[in-house]
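This report concerns only the one structure given below.
The values are calculated or read from the model by the stated rules, or taken from the named source; none is laboratory data. This structure is a prediction, so every number in the text was calculated from the model and none was measured. Every residue, glycine as well, gets a Cβ built from its backbone with ideal geometry; the counts of neighbours run over all protein chains shown. Ligands, DNA and RNA are excluded from the accessible area calculation, which covers all protein heavy atoms including side chains. Shrake-Rupley method; radii C 1.70, N 1.55, O 1.52, S 1.80 Å.
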Amino acid sequence: MKQINVLGTTYTVKNDSEINDPKLKECDGYCDDTLKLCVVADLIPDTMSKGNLDEYQKKVTRHEIIHAFLFESGLAEMSADETFVDWIAAQFPKLHQAFHEADAL
């Protein structure tokens, strides 16, 4: 469990199992802006799982944190656009690298 700063608001980011958190039976993660909480499923390898679960779990974590930033920015309607949120989560490492290379951080 970790505490992060999202635009001045403390959010808890934690991993959990669908046994402990029934919401995870329907998704790999979620963000609850009322509780200031991002939850990511503990992913267990099986025959149908992603090849690199560690990288996928990081992407899900980024995805849920982006939801938190959008909520705290007053952009809840944009947070509902899963394609938009997923794009940012997938591209953020590349954006970070480009900003670093441009000395723009």
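Points to keep in mind about this one:
- Some residue of the range 44-55 being open to solvent by less than 80 Å² (accessible area, probe 1.4 Å) and in contact (Cβ under 8 Å) with a residue 12 or more places away in the chain: no
- Of all residues in the range 31-45, those satisfying the criterion of being more than 15 Å from Phe69 (Cβ to Cβ) and in a strand (DSSP E or B) are Val39, Val40, Ala41.
- Some residue of the range 13-21 being open to solvent by 60 Å² or more (accessible area, probe 1.4 Å), β-branched (Val, Ile, Thr) and not in a helix (DSSP H, G or I): yes
- Positions within the range 56-88 being open to solvent by 80 Å² or more (accessible area, probe 1.4 Å) and more than 12 Å from the chain's Cα centre (by Cα), in sequence order: Glu77, Thr83
- Matching residues, the range 22-43, being open to solvent by less than 30 Å² (accessible area, probe 1.4 Å) and free of Cβ contacts under 8 Å to residues at least 24 places away in the same chain: Leu24, Asp32
- Of all residues in the range 10-26, exactly one satisfies the criterion of being basic (Lys, Arg) and either at positive phi or within 13 Å of the chain's Cα centre (by Cα) (or both), namely Lys14.
- Qualifying residue in the range 89-97 (condition: buried (at least 18 other Cβ atoms within 10 Å of the Cβ), under 13 Å from the mean Cα position of the chain (by Cα) and touching a residue at least 12 places away in the same chain (Cβ under 8 Å)): yes
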